[in-house]
Every structure is written in structure tokens, then in C-alpha cells.
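Data block below; observations after.
The values are calculated or read from the model by the stated rules, or taken from the named source; none is laboratory data. Not measured: the values here are computed from a predicted model. Cβ coordinates were reconstructed from backbone atoms using ideal geometry, including for glycine residues, and neighbour counts include every protein chain displayed. Each accessible area value is taken on the protein alone, full model and side chains, heavy atoms only, with ligands, DNA and RNA left out. Shrake-Rupley method; radii C 1.70, N 1.55, O 1.52, S 1.80 Å.
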Amino acid sequence: MKEVLLAPWPWYISGAMIAGIMVLLLFLGKSFGFSSNFRTICSACGAGKRVKFFDFNWKSQIWNILFLIGSILGGLIAHLFLTNGEPVAIAESTISDLAALGIAAPKGMQPEELFGMASLTDPFNIALLAFGGLLIGFGTRYAGGCTSGHAISGLSNLQLPSLIAVIGFFIGGLTMTFIGLPLILK
Amino acid sequence: MKSLRFILAGIIFGIVMTKSEAISWYRIQEMFRFQSFHMYGIIGTAVVLGVIAVALIKKYRLRDFEGNPIVIAPKEKGITRYLIGGTIFGLGWALTGACPGPMFVNLGYGFISMGIVIIFATLGTYLYGVVKDRLPH
């Protein structure tokens, strides 16, 4: 049993549990969508005084901030008690593609080149992470949702706008993967 | 006590995202290169089960734990905002390997550098709020 918990979980278990979380939130009277937390944070910091978009009753979204805090704790708990520290077992073809971009084969969960402590002293890498964050924060709010709000909640409700958004996710993702990353990481 | 439920749901979410390796930049790269079924399996399973669950909720007009009808607010119609906004998000997703949820799970996992992504994602949302009325939707 312990080995099963410590090893990575298969996709069907994880997928089923994500659907379960979405349904649980519906029964708690809420809907699953993570990126709206950024708007809530802006509003809680007083952005509503200057910008109308942030002038809303952010306190009604505290439940989602609690969910956010839980997700941080979940990552911590999983790291402390539920991992065997094995490198992420990605496809050989991905390993060789990434090697061509200067990213070494996995030694753990994330590439040290981008997320290791040493990378925090590299201005170029900090700029890369900052730029990525800007795109995500801007894009998710423009699109009205991220992977949880559109790909999971929206598609589950058979909403056309969510399908269009997911198509956009892939247009952007493929562009970055095949055109952006070779330019940025080389 | 009610707030505890949401923290607990978040904890489960964080554990599932970690254990499925969906928080890993490597897995997102593997997905965008179509070199593994893993991420598609996760999202696909979640969507198929989600569609069934939502259909059942609608068919039987189920109520939430507090007895209120479960209503899922439909997204407003349109194409531009979803396509352009989605594309901008996709660019950032493939670059950092993290969508908003996994950013915070990664932070908990110990990747402090994800804090930079989080701070700038918040700034990105602020920027959207500032220019919102000048953008096509």
C-alpha cells in the first residue's frame, strides 16, 4: 500500500479525483476555477479604489482563497509524506527534445535550470518566470478562466466558450513550445 | 468550520496535482509535444466524469449541501476574448509549465522560484483590469 501511495498515481485515478473535487465544490455551492483568485488578491489589496474591475465584493471569494491555501498545504504534505523522490518519468522523445534546448533529463519534479535555487540569482531566468507569470495572469482573466475553470468546469458543462478557450490554450502552448522556447532557452 | 471544508478540498487538490505530476514543467512539455498520453488521460478522465456528473445534477435537479439548487452560470457568448485570452495564457503555461493552481502547489512543494510566477501573474491580472475596456471581447 505504501509503495502505491509513494509512486506517481496513474492518470485515471488523478483524473477521477479532479472530477470529484469539481463536483464536491458544486455541492458546497461553489464552482471550480482557480485563476479568479488573482482578481480577488488584487481586490483585497485595494485595487478596487483605482480600477473598476477590482471593485467587487471580494469577501464572497474567500472560500477560493482558502482552497488556494489548501493547495499550498497539499503540495507541502505530498512532498513531505507522499513522494519517493523519483525523477518524473517522461517519454524518451521528450527527454531528447528538451536536451536540445539545454534542459537536462529529469532528476526530480522540476528542472533545476528553471526552478532551482541557483536559478533565482540569474536575472535572465527571473525575467523568464516573470514574463510567463504576466502572460498567465493577463491571459486567464482575459479568457475568463484557466485549466480548472474552462477545461474542467466549462467543458463538463458543455460550454462552447470553454472549448474555444481550450483551443486558445493549445494555440499558445504549441507556439511557445515549438517557436518560443527554442528562441528563449537557446 | 465551513472554511475548513475548502482548505481540505484544496489540500486534496494539491496532493492529487503533485501525485499526478501535473505540477511538473516536464509533464506539460511532454503534453504540448504530444509525446505521452499522461496529461490527456488526466484531463480527459476529469472531463468525461465531469460531463456525466453535471448531466446527472441537471437531470435530477440536485441541490447542494445547504439545500440550494446547483446552478452553473454559463459563460457569456463570444469568441475573441476566449481565443486571444486563451492563447496568451497558453504561451505562459508552456513557458512556466504551470497553470494557476499548480503554481501554488509548487510553492508548497518547495519551489520558491514559483513565487516570482505568482507575483507576476497577479500583476498580469491587475494589468488586464486596467486595460480591460480597451480590449476586444
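Side notes on the structure shown:
- A:PHE56 being modelled with pLDDT of 95 or more, outside any helix (DSSP H, G or I), surrounded by fewer than 19 Cβ atoms within 10 Å (Cβ to Cβ) and hydrophobic (A, V, I, L, M, F, W, C): yes
- Every condition in (1) touching a residue at least 24 places away in the same chain (Cβ under 8 Å); (2) out of contact with any Leu (no Cβ under 9 Å at 6 or more places or on another chain); (3) under 27 Å from A:GLY180 (Cα atoms) holds for A:LYS107 except the one numbered (1).
- A:SER14 meets all of the listed conditions (1) in contact (Cβ under 8 Å) with a residue 12 or more places away in the chain; (2) at the interface with another protein chain (Cβ under 7 Å from one of its Cβ atoms) but one, namely (1).
- The range B:24-36 - residue that is at the interface with chain A (Cβ under 7 Å from one of its Cβ atoms) and not basic (Lys, Arg) and, of those, nearest to A:GLY133 (Cα to Cα): B:TRP25
- Here A:GLY75 fulfils each of the conditions (1) open to solvent by 40 Å² or more (accessible area, probe 1.4 Å); (2) of a type in the set (Gly, Ala, Ser); (3) closer than 21 Å to B:ILE7 by Cα apart from (1).
- Of all the residues in the range B:71-98, those that are buried (at least 16 other Cβ atoms within 10 Å of the Cβ) and modelled with pLDDT under 95 number 1.
- Residues being outside any helix (DSSP H, G or I), open to solvent by 20 Å² or more (accessible area, probe 1.4 Å) and closer than 24 Å to A:ILE77 by Cβ - total across the range A:6-51: 6
- Hey, A:ILE90 open to solvent by less than 40 Å² (accessible area, probe 1.4 Å), more than 7 Å from every other protein chain (Cβ to nearest Cβ) and touching a helix residue (DSSP H, G or I) at 6+ places or on another chain (Cβ under 7 Å) or not: no
- Candidates B:GLY78, B:GLY108 - the one that is touching a residue at least 24 places away in the same chain (Cβ under 8 Å), assigned to a helix (DSSP H, G or I), at the interface with chain A (Cβ under 7 Å from one of its Cβ atoms) and not charged (D, E, K, R): B:GLY108
- Within the range A:64-76, residues that are at the interface with another protein chain (Cβ under 7 Å from one of its Cβ atoms) reach partners that are modelled with pLDDT under 95 with beta carbons closer than 7 Å, at six or more positions or on different chains, in the pairs A:LEU66/B:SER3.
- Helices (runs of 4 or more DSSP H) wholly inside the range A:95-186 that include at least 1 residues being open to solvent by 10 Å² or more (accessible area, probe 1.4 Å), at the interface with chain B (Cβ under 7 Å from one of its Cβ atoms) and of a type in the set (A, V, I, L, M): A:123-143, A:160-175
- Near pairs, Cβ below 7 angstrom, 6+ apart or cross-chain, from the range A:19-33 (more than 10 Å from B:GLY50 (Cβ to Cβ) and more than 7 Å from chain B (Cβ to nearest Cβ)) to any residue that is crowded, with 23+ Cβ neighbours inside 10 Å and hydroxyl-bearing (Ser, Thr, Tyr): A:GLY33/A:SER148; A:GLY33/A:SER153
- Test: residue in the range B:63-71 that is among the charged types (D, E, K, R) and within 26 Å of A:GLY137 (Cα to Cα): no
- The set of residues from the range A:34-63 being hydroxyl-bearing (Ser, Thr, Tyr) and within 8 Å of another protein chain (Cβ to nearest Cβ) comprises just one member, A:SER35.
- Looking only at the range B:112-136, and only at residues there that are small (Gly, Ala, Ser) and within 14 Å of B:ILE88 (Cβ to Cβ), the one that is surrounded by the most Cβ atoms within 10 Å (Cβ to Cβ): B:ALA121
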